[in-house]
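Structure first, then comments.
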Amino acid sequence: CLGAEGRLAHKLFRDLFANYTSALRPVADTDQALNVTLEVTLSQIIDMDERNQVLTLYLWMRQEWTDAYLQWDPNDYGGLDAIRIPSSLVWRPDIVLYNKADAQPPASASTNVVLRHDGAVRWDAPVITRSSCRVDVSAFPFDAQRCGLTFGSWTHGGHQLDVQARGSGASLADFVENVEWRVLGMPARRRVLTYGCCSEPYPDVTFTLLLRRRAAAYVCNLLLPCVLISLLAPLAFHLPADSGEKVSLGVTVLLALTVFQLLLAESMPPAESVPLIGKYYMATMTMVTFSTALTILVMNLHYCGPSAHPVPAWARAFLLGHLARGLCVRERGEPCGQSRSPKSPPSPQLPEGGAGPPAGPCHEPRCLCHQESLLHHVATIANTFRSHRAAQRRHEDWKRLARVMDRFFLGIFFSMAVVMSLLVLMQAL
């Protein structure tokens, strides 16, 4: 029986292709359009090149049409109703990918076609497509992409060949999950367009691949390090000024953010829209730059020295008074919330004429009041000590003012870092 079926298949093949040509459109009436049904199954996302905006997919394509010259009666061939032959022997529609981004021909010409007795031809072929896709990275790494694949005939117009999609979209039954992208769907839409080169319309079918990026890897590798670094930057205001590391910490944080910014720029396409994580990097770098500049200003206040002018009255009342109590900046042994506004010490008064206190009336011959020279030196030592105490007090006032400014800027910049980090991380929810 198997041998008889094989002989009948050979006889059928010889009878069908005795006067057949694959060069002409297989319709009985040349004014009739040939209907081609297109079905696509998404198997795998091979690569999404955001920088070059090229999407590489592995598809299973099925094309079905009716060949009017390849029909037979199964009863004449022992009930044989279908045969499988090389696709190069029959006429095939010249359906191509319009937005193709690859110069290589599709690797699907060597597959067979299934030919039925009523002339129905089914051509199943695996295809690796490289299509252009406009990538919008403004919300990276929480972005979603829409990539269209447009299929249509290259030379046949709508009056000769009509393309239809089977179903509402591509099938995802055999899709292999991608580690970077989540597929939301692949709907199909048929269009009929008229191009400037030709007067007749050209139908096509566009399969739109809806993708959403899996952001877990980018959050762990790019976003969380930046968040931790941004939270570390305001701590420069908490370092003691005498440590000498306040400015070094700010510069180190700025260099670390620059390295992450360069890593991000290498993977993203050069576009006008800045990615969300890029905006976060720039905002953080700006914040670190301002915090480093303010740290330098605070250190200048800290190292004013004894020869500096006294703290202005408004700064003494507001910064060293109200703001210091609100921020719990206190001196040693002083309870929080009860900081007192330091008063400027009285200026030392030198005795008139450079002499000590006038000697009172004394009638004893050995009284100390008669030792004017000794009294003058004692008064000079006292005045020098008072001047030193006043200079030290001014220096302590400036150092305390620097501590108040450090505590104030620490709260401001730490709050800014937390708010910016939360705004970015909320995009992942």
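For every residue, the table says whether it meets (1) modelled with pLDDT of 70 or more; (2) over 60 Å from the mean Cα position of the chain (by Cα); (3) closer than 23 Å to VAL219 by Cβ; (4) assigned to a helix (DSSP H, G or I).
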{"residue": "ARG366", "(1), (2), (3), (4)": "no, yes, no, no"}
{"residue": "THR380", "(1), (2), (3), (4)": "yes, yes, no, yes"}
{"residue": "TRP398", "(1), (2), (3), (4)": "yes, no, no, yes"}
{"residue": "ARG407", "(1), (2), (3), (4)": "yes, no, no, yes"}
{"residue": "GLY411", "(1), (2), (3), (4)": "yes, no, no, yes"}
{"residue": "MET420", "(1), (2), (3), (4)": "yes, no, yes, yes"}
{"residue": "VAL424", "(1), (2), (3), (4)": "yes, no, yes, yes"}
{"residue": "GLN427", "(1), (2), (3), (4)": "yes, no, yes, yes"}
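Consider VAL114 carefully, then state whether it is among the hydrophobic types (A, V, I, L, M, F, W, C) and open to solvent by 10 Å² or more (accessible area, probe 1.4 Å). Yes.
Residue-wise test of (1) open to solvent by 60 Å² or more (accessible area, probe 1.4 Å); (2) of a type outside the set (Lys, Arg); (3) touching an Asp or Glu at 6+ places or on another chain (Cβ under 7 Å).
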{"site": "ARG130", "(1), (2), (3)": "yes, no, yes"}
{"site": "VAL137", "(1), (2), (3)": "no, yes, yes"}
{"site": "LEU149", "(1), (2), (3)": "no, yes, no"}
{"site": "THR155", "(1), (2), (3)": "yes, yes, yes"}
{"site": "HIS159", "(1), (2), (3)": "yes, yes, yes"}
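Based on this model, can you work out whether VAL96 counts as of a type outside the set (D, E, K, R) and within 16 Å of VAL40 (Cβ to Cβ)? When the stated conditions are applied, VAL96 passes them. Restricted to the stretch 108-158, the set of strands (runs of 3 or more DSSP E) holding at least 2 residues that are farther than 30 Å from LEU8 by Cα and of a type outside the set (Lys, Arg) comprises 120-132, 144-153.
Total residues in the stretch 37-96 satisfying the condition of being crowded, with 17+ Cβ neighbours inside 10 Å and of a type in the set (Gly, Ala, Ser): the figure is 2.
Filtering the stretch 288-303 to residues that are surrounded by fewer than 18 Cβ atoms within 10 Å (Cβ to Cβ) and either at pLDDT below 85 or within 18 Å of HIS238 (Cβ to Cβ) (or both) leaves PHE290, ALA293, ILE296, LEU297, MET299, ASN300, TYR303.
In the set LEU211, LEU249, LEU223, only one residue is outside any helix (DSSP H, G or I), hydrophobic (A, V, I, L, M, F, W, C) and crowded, with 19+ Cβ neighbours inside 10 Å; that residue is LEU211.
The values are calculated or read from the model by the stated rules, or taken from the named source; none is laboratory data. Only a predicted model underlies this, so the values are computations on that prediction, with no experimental measurement involved. We place every Cβ from the backbone using ideal geometry, glycine too, and count neighbours over all the protein chains shown. With ligands, DNA and RNA removed, areas are computed over all heavy atoms of the protein, side chains included. Shrake-Rupley method; radii C 1.70, N 1.55, O 1.52, S 1.80 Å.
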